[in-house]
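The values are calculated or read from the model by the stated rules, or taken from the named source; none is laboratory data. Only a predicted model underlies this, so the values are computations on that prediction, with no experimental measurement involved. Cβ placement follows ideal geometry from the backbone for every residue including glycine, while neighbour counts extend to all protein chains displayed. Only protein heavy atoms, including side chains, enter the accessible area calculation; ligands, DNA and RNA are left aside. Shrake-Rupley method; radii C 1.70, N 1.55, O 1.52, S 1.80 Å.
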Amino acid sequence: MKLDHYCYLFFFFFFQAEDGIRDAQESRGLGDVYKRQYQRRVRGLGEKSMVALWMTALLALAVMASPVMGFQCVPVSAPSAFCSGLTPSKVCAAGSSVDGSVLTETQYEADKNVTCPKQPDLFTQQIYCQGPWLPCVDNQDCSKRTHKRCFPLCLNGGVAAGRTFLGAEQCAKKVAPTTFCGARVQAGEVAAPGVTDCIGLTDFQNNHGRLQYGHSPWVPEQCKGTFPLFEVPMVEFGKQPRKEFMLALADKINGFWGLEDNDDESKFVRGSNLIARRVQVKDGVIIIYVEMTQFCLTPLRQGKWQWTAAHGKATNEYCDVPGPAPLEVFRNLSDWLDSRPEEEGMMVGDFWVHQEYLGVEPEFPKECYMWEAEEEYNPPQWVWCLVSIGACLLLLSFLIVQHRWRNSIARVRNNDKLRSYQ
């Protein structure tokens, strides 16, 4: 039933009840009757005015809130055969469902040149079929009640949770990237610069973690990458410059993913999940080997105990919202570096990383693997055998020395000549 129907029923019963109210007190004369009728009429008018005022306020609130309250996690109905298996099953949207039948092959061919005119082939079937929506599990995943992408995501693109987002650097043709994204702002597809109520890489990564909710204990991903520094002599790259580079790298990555305002446990931090494993010089170029470890954006949840090879024991800690995967972080850095002019490269604090410098190229990443607990060193059995034999020989030697010393003392005590010797 619509809201206006409830209002009609409310006013109907209200006035019916008002007409049926009668005082139980008996009349004390005509003047008293008129007096009571006047007081009742004034009091009734005041009460009715207050009710009308409250109802007007409630109606205004309902009208203002109706488009927001309708934004929730809804199913994608009737997905097309062209996008079968590629469209999310649930997305954040207004209404009761989203029509997936509009994602057709004909529309895909028409959208390729419009979405990415510079390189239409980059706009793949998978990117098209995933649609503009944010995947979700339930309504709490739809806290940002908008479909608009963040302006930096429009400019730079990126990769998150297995999804590729094309940026203006890749797709803008004969126009500046900011102009390209400005047109999409006017079209209502992208939020204006500086607006934070928008969908970014972190939102897709967070909701992807929710889709993988609690299937297995938390095992983070780790990746290593190399950063060759442009024109930095080794004699000037001491302890303090190394610290400054790692702090600047953490700030850059957190800025890409919108994590700069998070607590230290929920962002990349030098010394914990972002570590400079070593620094070496190759052909006169300083190379920093950086190890990056995935983190959980929410406190670990206690769940069912399971044995995992990574931990080497049973564990019951689960992560419901994994942070950015290091592989995707390195890929985003690589895409950003490739989009920059070759003579400029990528700036990290006061340092520069180029696509190639003196024949040395950065590796984003060099290798990736899943975290494993450090194994406790357990020597082979033959080592323990040698240790046992050595301990026995040492004890035997001690007993022999002690026995000889006791015999010497006894011989002196029993020999009068030795005891009288001065």
Per DSSP, loop trypsin sites (Lys or Arg not before Pro) in the range 135-202 with at most 12 further Cβ within 10 Å:
Lys173, Lys174
Whole-percent carbon and sulfur share, accessible surface of the range 226-336, 1.4 Å:
48 percent
The range 79-188 - percent relative contact order, Cα under 8 Å, separation 6 or more
26 percent
Quick check on packing: order 396-403, 350-357 by the mean number of other C-beta atoms within 10 Å, highest mean leading.
350-357, 396-403
Environment charge of Tyr357, counting only residues whose C-beta is closer than 11 Å and scoring Lys/Arg +1, Asp/Glu -1
-4
Output for the range 231-310: GluC sites (Glu not before Pro) sitting in coil per DSSP, at most 15 other Cβ within 10 Å, listed by number, reads Glu231, Glu260
For the range 232-282 versus the range 296-332, the gap between their alpha-carbon centres in whole angstrom
23 Å
Counting only protein heavy atoms and rolling a 1.4 Å probe, one gets per residue an accessible area for the range 336-418 in Å² of 84 Å²
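Rounded to a whole number, what % of the accessible area of the range 129-176 do carbon and sulfur atoms account for, probe 1.4 Å?
Of the solvent-accessible surface of the range 129-176, carbon and sulfur hold 51 percent.
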Please list, ordered by chain and number, the residues whose modelled amide H lies under 5 Å from the amide H of Cys296; skip anything fewer than 5 residues away on the same chain.
Gly323
Going by the alpha-carbon gyration tensor, a ≥ b ≥ c the square roots of its eigenvalues, is the range 241-320 rounded (a/c under 1.5) or, if a/c is not under 1.5, prolate (a/b greater than b/c) versus oblate?
oblate
Using θ = phi - 60° and Karplus 6.51 cos²θ - 1.76 cosθ + 1.60, couplings along the range 251-257 (whole Hz; Gly, Pro as x):
4, 5, 5, 4, x, 4, 9
Could you list, in their original order, any pairs among Lys224/Lys313; Lys243/Lys313; Lys224/Lys267; Lys90/Lys366; Lys112/Lys173 whose Cα atoms are separated by more than 24 Å?
Lys224/Lys313; Lys243/Lys313; Lys90/Lys366
Relative contact order of the range 111-264, please, whole-number percent, based on alpha carbon pairs below 8 angstrom and at least 6 residues apart.
23 percent
Check which residues have an amide H placed less than 5 Å from Lys366's amide H, if you skip close sequence neighbours.
Lys224, Gly225, Thr226
Mind listing which chymotrypsin sites (Phe, Trp or Tyr not before Pro) in the range 71-178 are in a DSSP loop and have 10 or fewer other Cβ atoms within 10 Å?
none
Taking θ as phi - 60°, what are the ³J(HN,Hα) couplings along the range 94-106 by the Karplus curve (6.51, -1.76, 1.60), each to the nearest whole Hz, with x for Gly and Pro?
8, x, 9, 6, 10, 7, x, 6, 6, 8, 10, 5, 4
For Gln72, other-chain or 5+-apart residues with amide H closer than 5 Å (H placed, Pro excluded) are Ala93, Ala94, Gly95
Roughly speaking, what is the stretch gain from Ser101 to Ser89, that is 0.36 nm per residue apart minus the C-alpha to C-alpha distance, in nm to one decimal?
3.0 nm
